[in-house]
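In what follows, a structure is listed as structure tokens, so that the remarks can point back to it.
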Amino acid sequence: MSEAPIGVFDSGVGGLSVLKEIRQLLPAESLLYVADCGHIPYGEKSPEFIRQRCAVIAEFLRSRGAKALVLACNTATVAGVADLRQHYPDWPIVGMEPAVKPAAAATRSGVVGVLATTGTLQSAKFAALLDRFASDVRVITQPCPGLVELIETGDLHSEALRALLRSYIEPLLAAGCDTIILGCTHYPFLKPLLSQMLPPAISLIDTGAAVARQLQRLLSERGLLADGPARETQFWTSAAPERLCKILPVLWNKSGSVQSFNR
């Protein structure tokens, strides 16, 4: 089982930011990645629809022999991780959540901003995170419709993207935020641009590296860590494979073959 692959999925290409962290920390692991681009964005879909997609993709990755599952998507985690853990009680499953705890610890001004999808910000899971970890800080939430769709095209620099991003970060800066949570796995790809647009004192926090460490811990506890040389990564998408092939060199920093996921 230690040589079995790890399954990772997201509503689209955003989870590649998490996949990068997993690949860097666990180079000996074989990785399977499903980009559900045919149904993006999850952030505007109903929880029931997202749960159905999570179930379908999880079962596919199980059928491919995945020894663990990573939901590399905040919105999918909010809607579907509890059901998946109940359905597969013995399968290591790692989800995402906005980095409220480290952001609350890092802020000096006492004001934390959150960039996320509407689905994540409206969830009970996010409200519980605030209650648990952010009672002593002020949290300014900013839904970001449109950002995911632009990143999905590989757009990380255009004027349209800059204008949209500026409209989302200006209210956070006006409120005195010195720490901003990137609450969607697509958003870490905007770090270089955000670093240009934000004052140097602003901290950007995401959870991709923490997810990779949690995955490593779970596999280690079960004796499931692979060793040996670096392994391959396989890709599937529910949209046209050519689209993901074109964007992999931009977001994954290398090309790869992509298969169709017609489920």
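The values are calculated or read from the model by the stated rules, or taken from the named source; none is laboratory data. Just so it is clear, the structure is predicted and the values come from calculations on it, not from any experiment. When we count neighbours, we look across all protein chains shown, and the Cβ atoms used for this are built from the backbone with ideal geometry, even at glycine.
For the range 215-255, taking the residues that are part of a loop (DSSP other than H, G, I, E, B) and within 20 Å of the chain's Cα centre (by Cα), the one that is surrounded by the most Cβ atoms within 10 Å (Cβ to Cβ) is identified as Ser238.
Quick one: in the range 151-197, of everything that is charged (D, E, K, R) and within 20 Å of the chain's Cα centre (by Cα), which residue is nearest to Lys20 (Cα to Cα)?
From the range 151-197, those charged (D, E, K, R) are 152, 155, 159, 162, 166, 170, 178, 191; that's our starting set.
This time we only want the ones that are within 20 Å of the chain's Cα centre (by Cα), so: 152, 155, 191.
On the way: Glu152: 16, Asp155: 19, Lys191: 15 Å.
The selected residue is Lys191.
Scanning the range 8-49 for residues that are aliphatic (A, V, I, L, M), buried (at least 22 other Cβ atoms within 10 Å of the Cβ) and farther than 15 Å from Ser238 by Cα returns Leu16, Val18, Leu19, Ile22.
Residues that are among the basic types (Lys, Arg) and at pLDDT 95 or above within the range 29-73 comprise Arg51, Arg53, Arg62, Arg64, Lys67, listed in sequence order.
Could you list all residues from the range 236-263 that are touching a Leu at 6+ places or on another chain (Cβ under 6 Å) and hydrophobic (A, V, I, L, M, F, W, C)?
Going residue by residue through the range 236-263, those that are touching a Leu at 6+ places or on another chain (Cβ under 6 Å) are 237, 251-252, 255-256, 258.
Within the range 236-263, Leu251, Trp252, Val258 qualify.
On the stretch given as the range 120-156, residues that are within 15 Å of Cys177 (Cβ to Cβ) and basic (Lys, Arg) total 1.
Hey, can you tell me all the residues within the range 198-214 that are surrounded by 16 or more Cβ atoms within 10 Å (Cβ to Cβ) and more than 17 Å from the chain's Cα centre (by Cα)? Scanning the range 198-214 gives Leu198, Ile202, Ser203. Examine the range 166-185 for a residue that is exposed (fewer than 14 other Cβ atoms within 10 Å of the Cβ), part of a helix (DSSP H, G or I) and in contact with a Leu (Cβ under 9 Å, 6 or more places away or on another chain), and state whether such a residue exists. No, there is no match, as no residue in the range 166-185 is exposed (fewer than 14 other Cβ atoms within 10 Å of the Cβ), part of a helix (DSSP H, G or I) and in contact with a Leu (Cβ under 9 Å, 6 or more places away or on another chain).
Of the listed requirements (1) in the same structural domain as Ile151 (by TED's automatic domain parsing); (2) of a type outside the set (Phe, Trp, Tyr); (3) part of a loop (DSSP other than H, G, I, E, B), Pro192 misses just one: (3). Looking across the range 99-119, the residues that are in contact with an Asp or Glu (Cβ under 9 Å, 6 or more places away or on another chain), closer than 28 Å to Ala58 by Cβ and surrounded by 21 or more Cβ atoms within 10 Å (Cβ to Cβ) come down to Ala99, Thr117, Gly119. Once the range 50-62 is narrowed to residues that are within 16 Å of Ser238 (Cβ to Cβ) and more than 18 Å from the chain's Cα centre (by Cα), the residue that is surrounded by the fewest Cβ atoms within 10 Å (Cβ to Cβ) is Glu59.
Listed here are the residues, each with its yes/no results for (1) in contact (Cβ under 8 Å) with a residue 24 or more places away in the chain; (2) over 23 Å from Leu164 (Cβ atoms); (3) of a type in the set (Ser, Thr, Tyr).
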{"site": "Cys73", "(1), (2), (3)": "yes, no, no"}
{"site": "Ala79", "(1), (2), (3)": "yes, yes, no"}
{"site": "Leu84", "(1), (2), (3)": "yes, yes, no"}
{"site": "Asp90", "(1), (2), (3)": "no, yes, no"}
{"site": "Met96", "(1), (2), (3)": "yes, no, no"}
{"site": "Ala106", "(1), (2), (3)": "yes, yes, no"}
{"site": "Val111", "(1), (2), (3)": "yes, no, no"}
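For the range 81-95, check the following and say yes or no: at least one residue is at pLDDT 95 or above, surrounded by 15 or more Cβ atoms within 10 Å (Cβ to Cβ), touching a Ser or Thr at 6+ places or on another chain (Cβ under 8 Å) and among the hydrophobic types (A, V, I, L, M, F, W, C). So far as the range 81-95 goes, no, none of its residues is at pLDDT 95 or above, surrounded by 15 or more Cβ atoms within 10 Å (Cβ to Cβ), touching a Ser or Thr at 6+ places or on another chain (Cβ under 8 Å) and among the hydrophobic types (A, V, I, L, M, F, W, C). Just one residue in the set Thr185, Thr153, Thr179, Thr120 is closer than 19 Å to Leu198 by Cα and in contact with a helix residue (DSSP H, G or I) (Cβ under 9 Å, 6 or more places away or on another chain); that residue is Thr179.
Scan the range 131-156 for residues that are among the hydrophobic types (A, V, I, L, M, F, W, C) and free of Cβ contacts under 8 Å to residues at least 24 places away in the same chain and jot them down. Spell out the reasoning first.
Here is the first cut: in the range 131-156, the ones among the hydrophobic types (A, V, I, L, M, F, W, C) are 133-134, 137, 139-140, 144, 147-148, 150-151, 156.
Once the filter is applied, which keeps residues that are among the hydrophobic types (A, V, I, L, M, F, W, C) and free of Cβ contacts under 8 Å to residues at least 24 places away in the same chain, the range 131-156 yields only Leu150.
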